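The values are calculated or read from the model by the stated rules, or taken from the named source; none is laboratory data. In this text, all values refer to a predicted model and were calculated from it rather than measured experimentally. Reconstructed Cβ throughout: ideal geometry from the backbone, glycine too, with neighbour counts over all protein chains shown.
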Amino acid sequence: MQAYIVGADHLGHIPKLLALYGITIGEHITGRNPSHQRKPGCLKEMDIMILFTDFLGHNVMKNYRAAAVANRMHIVACRRSQTALQQSLQNCPAFSQMTLPAHA
């Protein structure tokens, strides 16, 4: 499963957590560039969009959510922390039945 990640300059340990769910990062943009704020790049081949809300404005999130819905992608929106992302992924229908190791 490929993820399109929007927000955050650095991902830290997020890629390791995503790997536990079988997710690889197809593209990561920070959302700082004004051209990235208006229109998402190519979403083909992407299965899930992850929006880090503590780095994005409302209009940017609105544009990306609309693009994800149009491309029939799963959408996860959360703060940029492993705990917040893990909770959001567990609430996503695509991953709700997964159980991860206790140390994850």
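Being under 14 Å from Val6 (Cβ atoms), of a type outside the set (Asp, Glu) and either crowded, with 16+ Cβ neighbours inside 10 Å or at pLDDT 95 or above (or both) is a property that holds for Ala77. Of everything in segment 1-45 that is charged (D, E, K, R) and either touching a Pro at 6+ places or on another chain (Cβ under 9 Å) or modelled with pLDDT of 90 or more (or both), the residue that is surrounded by the fewest Cβ atoms within 10 Å (Cβ to Cβ) is Glu45.
Taking the criterion of being in contact (Cβ under 8 Å) with a residue 40 or more places away in the chain and either under 12 Å from Ile29 (Cα atoms) or not acidic (Asp, Glu) (or both), the residues of segment 39-55 that qualify are Met46, Ile48, Met49, Ile50, Leu51, Phe52, Thr53, Phe55. Ile48 meets the conditions (1) under 21 Å from Thr83 (Cβ atoms); (2) crowded, with 16+ Cβ neighbours inside 10 Å; (3) at pLDDT below 90 in every case but one. The failed one is (3). Residue pairs whose Cβ atoms lie under 7 Å apart, sitting 6 or more positions apart in sequence or on different chains, and linking a residue in segment 56-84 that is in contact (Cβ under 8 Å) with a residue 40 or more places away in the chain to a partner that is not in a helix (DSSP H, G or I) and not aliphatic (A, V, I, L, M), are Leu56/Gly7; Leu56/Gly31; Val60/Gly31; Tyr64/Pro40; Met73/Asp47; Arg80/Gly7; Arg80/Phe52; Gln82/His13.
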